[in-house]
Number of protein chains: 2
Amino acid sequence: MKRTDRIIALTEILLTHPNELLSLGYFAERFDTAKSTISEDLGTIKESLRIIGRGYLETIPGAAGGVRFLPSINQEEAEIFLANLAEELSKSERMLPGGFIYTTDILYKPAIVRPLGLIFASIFRKRNPEVVVTIETKGIPLALMTADCLGVPAVIVRHGNKVTEGSSVSINYISGSSDRIQTMILGRKALGVGKKVLIIDDFIKAGGTAKGIMSLMQEFEAEVVGLGILMEDTSWNVTRLVDNYLALLQFDVSDSSIEQSAVKPKNMLYNNL
Amino acid sequence: MKRTDRIIALTEILLTHPNELLSLGYFAERFDTAKSTISEDLGTIKESLRIIGRGYLETIPGAAGGVRFLPSINQEEAEIFLANLAEELSKSERMLPGGFIYTTDILYKPAIVRPLGLIFASIFRKRNPEVVVTIETKGIPLALMTADCLGVPAVIVRHGNKVTEGSSVSINYISGSSDRIQTMILGRKALGVGKKVLIIDDFIKAGGTAKGIMSLMQEFEAEVVGLGILMEDTSWNVTRLVDNYLALLQFDVSDSSIEQSAVKPKNMLYNNL
């Protein structure tokens, strides 16, 4: 195999196995070449990825070591992406009665949630979450893509019990904006005890759901290391039930006119990237 | 930029923008080089990907043309992956009372559902689905990853109505194995009319849910081009309500002994890959 072919194959393997520790020995055997050659190739790939600002190739030395590709997005690309998304979400046909916004298509489009997951992962990686938690249904794709970029499992809190999940823990919570009492439930096996969790959700208004998930996390002795939200509803002008969350976009239904966009990116938060 | 660096950057862009048509002009401008040079680089990448059997670089000629990376997995890797997954799912601690199997953790683990989505995409791509449809909740990650590999949106059928989805169509269906009447619902905007859809779900027993989704699809004048299921329950020995589905694994609770694995891969179906 020529060097160029090997480098392309190596790049492909690294990118399609994000966060997995792959040993030099594995590559040396697979490409029937010396570890020193592989090491040199990996150095070239690492530098190229650094130049284009798309992820980091981490080298772990020693016998149990190897390399691990950590996907990330650079600030410029993230800003452009979120500005375009805000523009799309501001279209007048997305405004629904009651001050709601239609986002379902966006939240299930892989070409959109993949980069969003990459942005959340780039922001929260340094807090070393072990699990990404969300509540069904619309937050699932965001949580899954974030978990994929971080190399950790996703855990989905549900509204109802299922026979296929074994014993579970449930709590009641008050949806802050509607004052309704609801139930959320999570299987004992799903999360384990004492994990560092990153909570991801698509929307925040009063914060009742987010607060509910945080209470549920206490039942599992989990440490919440971050709360990432795609969009906050800024029309909620009362104190929210949670603080310390990071929203990528803000939505203000009163701004949905020709002069003003209803959805705007929250620029000042990019310094977290 | 040296040729090797450019080739790594090109490979990265192609792999992280699956199914997107990218023009030679776009690359030529981005890398400040001639289209003929880019064309030569892409030829090298195409050949390397072909050798390792991981996806296909499609070239579309003409002024509006360019290249598009179509992710896929080769048969050998798919077989090894599904055999390992069957072994994991056969562990005795996964068996739940009532002949159920615990799969929740697996279905929300990106490192597992990503390859599963790639397998479904590799099988069903030739039928040109325009949308991947599933029903909440556990099928969502599989559907999303399949949609990502196919470059199409996912659409999630729900069990209850939401104010944020506008007008919707609902049907009642009978869960074949439990004889309960349930409701499924899908927003008018979510799917549009006359689409080619691929249905993906995690489990099939009697086939009531799958049949329900197919009836719902008729309401949208959709053409169902495929039905992909992660696991079929072979303990259901009555005729199923749907046929023509493709399952990757089979589960037989009566086989869950030391000598027999409860879950096995369905080898004969790989000729679809």
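The values are calculated or read from the model by the stated rules, or taken from the named source; none is laboratory data. The structure presented is a predicted model; accordingly, all values stated were derived computationally and were not measured. All Cβ positions, glycine included, derive from the backbone under ideal geometry; neighbour counts span all protein chains shown.
Values as computed for the structure displayed
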{"read-out": "Residue list for segment A:217-231, restricted to those being outside any loop (DSSP other than H, G, I, E, B) and within 23 Å of A:N172 (Cα to Cα)", "value": "A:M217, A:Q218, A:E219, A:E223, A:V224, A:V225, A:G226, A:L227, A:G228, A:I229"}
{"read-out": "Filtered residues of segment B:163-177 (kept if touching a residue at least 24 places away in the same chain (Cβ under 8 Å) and not in a strand (DSSP E or B))", "value": "B:E165, B:G176, B:S177"}
{"read-out": "Within segment B:170-191, tally of residues that are surrounded by 15 or more Cβ atoms within 10 Å (Cβ to Cβ) and either closer than 21 Å to A:P97 by Cα or not assigned by TED's automatic domain parsing to the domain that holds B:F124 (or both)", "value": "7"}
{"read-out": "Out of A:K138, A:K162, sole residue that is farther than 20 Å from B:T103 by Cβ and basic (K, R)", "value": "A:K138"}
{"read-out": "Residue within segment B:123-143 that is within 23 Å of A:V155 (Cβ to Cβ), out of contact with any His (no Cβ under 6 Å at 6 or more places or on another chain), charged (D, E, K, R) and assigned to a helix (DSSP H, G or I) present", "value": "no"}
{"read-out": "Set A:V197, A:V157: member being surrounded by 16 or more Cβ atoms within 10 Å (Cβ to Cβ), touching a Pro at 6+ places or on another chain (Cβ under 8 Å) and either assigned to a strand (DSSP E or B) or free of Cβ contacts under 8 Å to residues at least 40 places away in the same chain (or both)", "value": "A:V197"}
{"read-out": "Given (1) surrounded by fewer than 24 Cβ atoms within 10 Å (Cβ to Cβ); (2) under 30 Å from A:Q260 (Cα atoms); (3) in contact with a helix residue (DSSP H, G or I) (Cβ under 6 Å, 6 or more places away or on another chain), index of the condition A:P110 fails", "value": "(1)"}
{"read-out": "Filtered residue count, segment B:151-175, keeping only those that are out of contact with any Asp or Glu (no Cβ under 9 Å at 6 or more places or on another chain), at pLDDT 90 or above and within 11 Å of another protein chain (Cβ to nearest Cβ)", "value": "1"}
{"read-out": "Scope segment A:200-241; condition in contact (Cβ under 8 Å) with a residue 60 or more places away in the chain and closer than 22 Å to A:L118 by Cα; matching residues", "value": "A:I200, A:D201, A:D202, A:F203, A:V225, A:G226, A:G228, A:L230, A:M231"}
{"read-out": "Some residue of segment B:210-225 being buried (at least 17 other Cβ atoms within 10 Å of the Cβ) and within 14 Å of chain A (Cβ to nearest Cβ)", "value": "no"}
{"read-out": "Output for segment A:123-154, where each listed residue is among the acidic types (D, E) and surrounded by 24 or more Cβ atoms within 10 Å (Cβ to Cβ)", "value": "A:D148"}
{"read-out": "Unmet criterion (only one of (1) within 14 Å of another protein chain (Cβ to nearest Cβ); (2) at pLDDT 95 or above) for B:S178", "value": "(2)"}
{"read-out": "Some residue of segment B:230-242 being buried (at least 17 other Cβ atoms within 10 Å of the Cβ) and modelled with pLDDT of 95 or more", "value": "yes"}
{"read-out": "Residues that are surrounded by 15 or more Cβ atoms within 10 Å (Cβ to Cβ) and basic (K, R), drawn from segment B:69-105", "value": "B:R94"}
{"read-out": "Residue that is nearest to the other protein chains (Cβ to nearest Cβ) [pool: residues in segment B:1-58 that are farther than 24 Å from A:A111 by Cα, in a helix (DSSP H, G or I) and acidic (D, E)]", "value": "B:D5"}
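Rundown of residues vs (1) more than 19 Å from B:N19 (Cβ to Cβ); (2) away from chain A (no Cβ under 11 Å); (3) touching a Leu at 6+ places or on another chain (Cβ under 6 Å), yes/no style:
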position: B:E79; (1), (2), (3): yes, yes, no
position: B:E88; (1), (2), (3): yes, yes, no
position: B:Y102; (1), (2), (3): yes, no, yes
position: B:D105; (1), (2), (3): yes, no, no
position: B:P115; (1), (2), (3): no, no, no
